[in-house]
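Since the structure comes first, as structure tokens, the remarks are kept for the end.
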Amino acid sequence: MTKSRLLALLAIAAAAGLILAGCKEPMGFNPDANIAWHWESSPKVYTLWGYGAGGWGGWGGWGGSSDSVGTVSVWNTPDTLYVTYALAGNWWLDEARLDAENSLKDIPQRRGQPLPEQFAYGGRLLPRVQTRTYAIPKDTGWSVGDTLYIAAYGVAVKLGQGGWGWINQQENCWAGPYFFTGDGGFACCGKQGARYFKYAFQSAHKNVTLPKDTVTMVPHYLDGAPGADCYWRVTLSNVPSGYDVWNGDWRGWCIQLMASMKAESSYRVRLWSSIDPNLPPRLQDTAWCYINYLINHKAQGATAWDIQEAIWALRGQLGWLPQPDWPPLTLQMYNDALAHGKGWYASKGDQIAVILETPVQVQLCIIEVDP
């Protein structure tokens, strides 16, 4: 910030009796904000096997033969397990039954054979569909890394082109590499070849890997120069290898309006992920979710100053300045972040704000990092 502008802001703040406050809404994640998001680079995908080849109204043959009728994909967000059936060609899903448990024995069974009609999710599908996603709320007994046993059953029918016409083939379907009987053997009531798969519940959010030891930071103040894309240009050095940050220049922003830092000076800093649920209390702030949204949704044409002041606003540090006096794009980004930032989380290609904490009381900064 230029000296004259900073003095003017300080004078207004003093006159207004400035009290700093963070956003009042709690941080959190909304699994419905982006149903395609998941921790893995791609969902886990399993073949959906159909058994038998009966005619109209048939329930499949008894020979144990199988063919692929589609796939079942699984992934999770922090609070929800998603399972998607996707049928191929002219196969259509007439019925889907689904269960996910901490142990195989908790899936409804009789004498080692599953009972799809007692599964917790699914049912008949009218009209028939070729894709269907089920959202299963995270059980209180599920933790990151826990293995879930998932039974995904379906009844697939082959219809005429485009899903019209008489049923000319109907098969019972199961997804996964493991058999309930252990040998892929015989089962009655059309449930031969009953399968399941295992899935490890994934980390609660995309995050960054950072060194625990301090590194060196040198801030270069850009003063809103034309074409600048950040408030500070931050140079990191002495960063060990194997992390999501490295030696070099990073886009940096100021977090504390009423604090200072000397440009071109060297500081030892500890790096923290702003979305780490275990941040030390001194760094916890309900504004982090909104700031992370903002740095990934900058308004077209916004200057570094527009963005910087929106960050201050999200931390309650422009509350003493009437909103009509805010730059238009600052106000636009502020309102956008408040409307959409709660529950937003980073996915592939998004930036995460990494906090740079110095052992001495100077201005707190962040840099943008894409893991």
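The values are calculated or read from the model by the stated rules, or taken from the named source; none is laboratory data. In this text, all values refer to a predicted model and were calculated from it rather than measured experimentally. Glycine gets a Cβ as well: all are built from the backbone with ideal geometry, and neighbour counts include every protein chain shown.
When the criteria are applied in full, PRO114 meets the requirement of being within 16 Å of LYS198 (Cα to Cα) and over 28 Å from the mean Cα position of the chain (by Cα).
Okay, residues lined up against (1) without any contact (Cβ under 8 Å) to a residue 40 or more places away in the chain; (2) assigned by TED's automatic domain parsing to the domain that holds THR80; (3) part of a strand (DSSP E or B); (4) over 17 Å from LEU364 (Cα atoms):
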residue: TYR196; (1), (2), (3), (4): no, yes, yes, yes
residue: LEU210; (1), (2), (3), (4): no, no, no, yes
residue: GLY227; (1), (2), (3), (4): yes, no, no, yes
residue: ARG233; (1), (2), (3), (4): yes, no, yes, no
residue: TRP253; (1), (2), (3), (4): no, no, yes, no
residue: GLN256; (1), (2), (3), (4): no, no, no, no
residue: SER260; (1), (2), (3), (4): no, no, no, no
residue: ARG270; (1), (2), (3), (4): no, no, yes, no
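Checking each residue of segment 272-281 against the condition of being closer than 17 Å to GLU357 by Cβ, in the same structural domain as CYS230 (by TED's automatic domain parsing) and assigned to a helix (DSSP H, G or I) gives at least one match. Does segment 137-149 contain any residue that is part of a strand (DSSP E or B), modelled with pLDDT of 95 or more, more than 17 Å from ASP79 (Cα to Cα) and assigned by TED's automatic domain parsing to the domain that holds TYR85? Yes, segment 137-149 contains at least one residue that is part of a strand (DSSP E or B), modelled with pLDDT of 95 or more, more than 17 Å from ASP79 (Cα to Cα) and assigned by TED's automatic domain parsing to the domain that holds TYR85. Taking first residues from segment 276-292 that are touching a residue at least 12 places away in the same chain (Cβ under 8 Å) and under 17 Å from PRO371 (Cβ atoms) and partners that are hydroxyl-bearing (Ser, Thr, Tyr) and part of a loop (DSSP other than H, G, I, E, B), the Cβ contacts under 6 Å between residues at least 6 apart in sequence or on separate chains come to TRP288/SER274. Restricting the search to segment 81-103, which residues are surrounded by fewer than 17 Cβ atoms within 10 Å (Cβ to Cβ) and over 27 Å from ASN168 (Cβ atoms)? Selection gives ASN102, SER103. Confirm whether ALA337 is assigned to a helix (DSSP H, G or I) and crowded, with 23+ Cβ neighbours inside 10 Å. Yes. Step by step: first the residues of segment 59-80, then only those that are over 30 Å from LYS138 (Cα atoms) and crowded, with 17+ Cβ neighbours inside 10 Å, then the one that is modelled with the lowest pLDDT. Which residue is that? Ranking the qualifying residues of segment 59-80, first place goes to GLY60. Only one of the numbered conditions (1) hydrophobic (A, V, I, L, M, F, W, C); (2) free of Cβ contacts under 8 Å to residues at least 12 places away in the same chain; (3) touching a strand residue (DSSP E or B) at 6+ places or on another chain (Cβ under 7 Å) is violated by TRP246, and that is (3).
Scanning segment 260-293 for residues that are surrounded by 18 or more Cβ atoms within 10 Å (Cβ to Cβ) and among the aliphatic types (A, V, I, L, M) yields MET261, VAL269, LEU271, ILE275, ALA287, ILE291. Condition first: of a type in the set (D, E, K, R) and either surrounded by 21 or more Cβ atoms within 10 Å (Cβ to Cβ) or not in a helix (DSSP H, G or I) (or both). Now tell me which residues in segment 307-325 satisfy that. Listed by number, the residues that qualify are GLU309, ARG315. The residues of segment 108-129 that are in contact with a helix residue (DSSP H, G or I) (Cβ under 9 Å, 6 or more places away or on another chain) and crowded, with 21+ Cβ neighbours inside 10 Å amount to a single one, GLY122.
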